[in-house]
1. Out of all the residues in the stretch 67-80, which are touching a Leu at 6+ places or on another chain (Cβ under 9 Å) and part of a helix (DSSP H, G or I)?
2. What pairs come out if I take residues in the stretch 87-98 that are exposed (fewer than 14 other Cβ atoms within 10 Å of the Cβ) and pair them with residues that are of a type in the set (V, I, T) whose C-beta lies under 7 Å away, six or more apart or interchain?
3. Sort out which residues of the stretch 57-66 are under 15 Å from T157 (Cβ atoms) and not in a helix (DSSP H, G or I), and write them in order of number.
4. Given the criterion modelled with pLDDT under 95 and not in a loop (DSSP other than H, G, I, E, B), identify the matching residue among R160, R144, R123, R111.
5. Quick one: in the stretch 59-111, which of the residues that are in contact with a helix residue (DSSP H, G or I) (Cβ under 6 Å, 6 or more places away or on another chain) and of a type in the set (S, T, N, Q) is farthest from A151 (Cα to Cα)?
6. Could you grab the pairs with beta carbons closer than 7 Å, sequence gap of 6+ or different chains, first residue in the stretch 140-166 and within 19 Å of D74 (Cβ to Cβ), second one β-branched (V, I, T)?
7. Quick one: S118 ticks every box in (1) touching a strand residue (DSSP E or B) at 6+ places or on another chain (Cβ under 9 Å); (2) exposed (fewer than 15 other Cβ atoms within 10 Å of the Cβ); (3) at pLDDT 95 or above; (4) not acidic (D, E) bar one, so which box is it?
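The values are calculated or read from the model by the stated rules, or taken from the named source; none is laboratory data. Here the structure is a predicted model, which is why all the values come from computation and not from measurement. Cβ placement follows ideal geometry from the backbone for every residue including glycine, while neighbour counts extend to all protein chains displayed.
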Amino acid sequence: MSVDVLVEPFYEWVVDASGIKGERPEISGVTYVDDPMPYIERKLLTVNTGHSAIAYLGYARGLDTIHVSLEDPDVRDGATRALEETGLLLTHEHGFDPEELREYRQKVLARFENPRISDEVTRVARAPIRKLGHDERFVGPALRLMEMGRAPEHLATVIRAVLAFDHPEDPEAVELQEMIQTEGERRALAHYAGIAEDHELVDLVLEGPARG
């Protein structure tokens, strides 16, 4: 029996081989791995982080869709540099080859450029409170990079854009803006990210990198 699977030109099919008994079947496009966690992290910190970063940066510039946002040089540069930072983390923690990660990032961005997929930035950026979480796609890798001694300047720029997301039809955006108005950005970021108000990531997001 055969199964036909219809996918986008970009797709990733990683299979956990630890539970396969006997020979691994040869399937075009399938990558067998003994530990899928590094590949799950690669997807989360490239596809998910990148998609959301483009949305928040694009929204901040008044752009409507993901593919149009990527046509803006500043949005593209900001998202690319944020993914370069998560790439450093993936190489450090999981041993991914930097050149392979660069090619992976290019494929991911090419997917987001597809004009046939009209993805509104307000849809991708929805639920900003959840996406500011301690272990989520921006704060999580930023904190881990800081533990490595790296300043995640471009992830911090994206986090700043998340704080500015004020779409009136998004309940979390409304709640976020209400807290910012009453408590201030510092307290709001610390609260939703689960870190102290004087944490250096909060400083980096709100004040930018120290110049010495």
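1. As a first pass, look at the stretch 67-80 and keep what is touching a Leu at 6+ places or on another chain (Cβ under 9 Å): 69-72, 74-76, 78-80.
Hits for the stretch 67-80 are S69, L70, D74, V75, R76, G78, A79, T80.
2. Between residues of the stretch 87-98 that are exposed (fewer than 14 other Cβ atoms within 10 Å of the Cβ) and residues that are of a type in the set (V, I, T), the close pairs are P98/T91.
3. Within the stretch 57-66, just R61 meets the criteria.
4. Checking each option against the conditions leaves just R111.
5. The residue in question is S69.
6. Correct list of pairs: A156/V205; I159/V139; I159/V205; R160/V205; L163/I180.
7. Of everything listed in (1) touching a strand residue (DSSP E or B) at 6+ places or on another chain (Cβ under 9 Å); (2) exposed (fewer than 15 other Cβ atoms within 10 Å of the Cβ); (3) at pLDDT 95 or above; (4) not acidic (D, E), S118 misses just condition (3).
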